[in-house]
Protein chains: 2
Amino acid sequence: MTAWLINRVVQLRDPLSQTFAALADPTRRAMLARLSQGEANVTDLARPFLGQMSLPAVTKHLKVLESAGLVTKGRSAQWRPCTLNGAALRDAADWMETYRRFWEESFDRLDVYLKTVTASGSSKKKPKGKSRGRKKQVE
Amino acid sequence: MTAWLINRVVQLRDPLSQTFAALADPTRRAMLARLSQGEANVTDLARPFLGQMSLPAVTKHLKVLESAGLVTKGRSAQWRPCTLNGAALRDAADWMETYRRFWEESFDRLDVYLKTVTASGSSKKKPKGKSRGRKKQVE
DNA sequence: CTCGTACATGACCGCTTGGTTAATTAACCG
DNA sequence: CGGTTAATTAACCAAGCGGTCATGTACGAG
């Protein structure tokens, strides 16, 4: 029936959904990564992607990030200096925070497992330490 | 040109994008919230939404969560007991973590602002404390 | 075996998304 | 003024997404 209307209008435009949707694209995440190193105008942001996609495509991505509140686009003559805006990201992080125990639980299970393994070996090195949440990660 | 092909195939299917995309829907987030309180089968998960959407719709949402690795769907007779799987969520949280300074920066700016405001008033109550990251939030 | 329950699957539909090219606006520069 | 650079807008296209209904399947119970 006309349920799709209700959905489209009411459902999918809450800020959190917009934020997550904006993050659900590697191009957009890369742009955020670039912006995390400082202000940049549109062509700066586009540079790594030109050759793979056109400038209007970048403009579109940028618009998604902007309307999700993740970046702020200023203007100076013909340039649009963009800056990263942490606030929207914080909302998403806050949401995630409520689930932290779930990934730490599984980490703890691994921790317990590792302890049983190393218990049968020598007990030196003692790598205890509150080293939650692995490093790695670039993208 | 055939750029859309390259994109579709190569771009949008990385795990992180899938995870964020899965989170970009309030229905799906609500299902995760339900699962955070313990195992549930499909009709359990669907219950709050029936009347607003059909069962197949829920099945679809569930499939999105599943293929993003966020939930694991077991089977016991005709039931599919679903459980929340924290690992995928952790990957997303790790990504966010690299941007933490940006929302904490803005918090600090607010902090400074509040200090200048309260400085002109009385200096009692002293709400200093490392109370990062507001409470609120339900969804 | 038959029935009911719990889900999944398939075919369809309309909007959204991510991309394209071509044209347009806007500002600076000489 | 005319030209160049920066960026946006418009029109279009194919694929994806979120929903529908109808049908199909797998299992337990009587």
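The values are calculated or read from the model by the stated rules, or taken from the named source; none is laboratory data. No experiment lies behind these values; they were computed from the predicted model shown. Here the Cβ positions follow ideal geometry from the backbone for every residue, glycine too, while neighbour counts run over all protein chains shown.
The helices (runs of 4 or more DSSP H) found entirely in segment A:31-108 that carry 3 or more residues being more than 8 Å from DNA strand D (Cβ to nearest atom) are A:55-67, A:86-97. With respect to the conditions (1) touching a Ser or Thr at 6+ places or on another chain (Cβ under 8 Å); (2) modelled with pLDDT of 95 or more, residue A:91 lacks only one, and its number is (2).
Against the list (1) modelled with pLDDT under 95; (2) at positive phi; (3) within 14 Å of chain A (Cβ to nearest Cβ), the condition residue B:69 fails is (1). Look at segment A:1-30: where a residue is more than 10 Å from every other protein chain (Cβ to nearest Cβ) and a partner is surrounded by 14 or more Cβ atoms within 10 Å (Cβ to Cβ) and modelled with pLDDT under 95, sitting 6+ places away or on another chain with Cβ atoms under 8 Å, you get A:15/A:88; A:15/A:91.
Of all residues in segment A:79-92, one or more are more than 9 Å from chain B (Cβ to nearest Cβ), more than 16 Å from DNA strand C (Cβ to nearest atom), β-branched (Val, Ile, Thr) and within 16 Å of the chain's Cα centre (by Cα). Residues of segment B:1-25 that are in a loop (DSSP other than H, G, I, E, B) and at pLDDT 95 or above: B:24, B:25.
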